[in-house]
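Participant: Just dropping this structure here.
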Amino acid sequence: MQDLCRKHGLSSPTFYKWKAKYGGMDVSEARCLKGLEDENAKLKRTPADAMLDNVALKDLLGKMVTPAAHREAVAYLQPTYKMSQRRACRVIGTDRTSVRYQAMRPDDGFLRERLGSCPSTTPAQNARLGVETTTSNDRTPSSVG
């Protein structure tokens, strides 16, 4: 018996453990038992995964409306909770394509500067365009008059 164990690379305690577990079974019954054990292990992992998802959501606590906020949330969840990108997107309820999106627009800083200096734009239009305007109070006592 020890020669047989040595030939197949197992120890005697392992052999006796397997013999006690699978001793009176057919091959099909052993396969069925192994499948049930795998399914049981999977079912035990499911609540733990759900609990981790809940903890991650509670950690974010806030409304994420914009795609940029979704990208930031996914970027936070991945290293913090060791989640894949797919799972982090599922947790926050966003599509993975919006997280992987990279803007391909050219830099329009020059255009924003020109629009900001244009006198016909209102402060609300400047804010919508992302242009900072400076307000100058040129009214000094000497200029009033």
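The values are calculated or read from the model by the stated rules, or taken from the named source; none is laboratory data. Bear in mind that the values here come from a model prediction, so they are computed numbers and not experimental data. Cβ placement follows ideal geometry from the backbone for every residue including glycine, while neighbour counts extend to all protein chains displayed.
Participant: With respect to the numbered conditions (1) farther than 26 Å from Leu129 by Cα; (2) in a helix (DSSP H, G or I), which one is the sole condition not fulfilled by Met25?
Facilitator: Looking at each condition in turn, Met25 falls short on (2).
Participant: Got a number for residues in segment 22-48 being exposed (fewer than 11 other Cβ atoms within 10 Å of the Cβ) and either of a type outside the set (A, V, I, L, M, F, W, C) or under 30 Å from Thr80 (Cβ atoms) (or both)?
Facilitator: The total comes to 17.
Participant: Under 7 Å between Cβ atoms, which residue pairs at least 6 apart in sequence (or on different chains) link something in segment 57-78 that is of a type in the set (A, V, I, L, M) with a partner that is part of a loop (DSSP other than H, G, I, E, B)?
Facilitator: Going by the 7 Å Cβ cut-off, the qualifying pairs are Ala73/Met64; Leu77/Met83.
Participant: Give me the pairs, please: first residue somewhere in segment 1-27 and assigned by TED's automatic domain parsing to the domain that holds Glu37, second residue anywhere and β-branched (Val, Ile, Thr) and surrounded by 11 or more Cβ atoms within 10 Å (Cβ to Cβ), beta-carbon distance under 9 Å, and either six or more positions apart or on two chains.
Facilitator: Partner pairs satisfying both residue conditions: Cys5/Thr14.
Participant: Okay, moving on. Pick from segment 94-136 the residues that are farther than 22 Å from Glu72 by Cα and of a type in the set (Lys, Arg): which of them is modelled with the lowest pLDDT?
Facilitator: Arg128
Participant: Now a separate question. Could we say that Met83 is in contact with a helix residue (DSSP H, G or I) (Cβ under 6 Å, 6 or more places away or on another chain), of a type outside the set (Val, Ile, Thr) and in a loop (DSSP other than H, G, I, E, B) here? Even if it seems obvious, please write down each step before you answer.
Facilitator: On the way: in contact with a helix residue (DSSP H, G or I) (Cβ under 6 Å, 6 or more places away or on another chain): yes; of a type outside the set (Val, Ile, Thr): yes; in a loop (DSSP other than H, G, I, E, B): yes.
Spelling it out, Met83 is indeed in contact with a helix residue (DSSP H, G or I) (Cβ under 6 Å, 6 or more places away or on another chain), of a type outside the set (Val, Ile, Thr) and in a loop (DSSP other than H, G, I, E, B).
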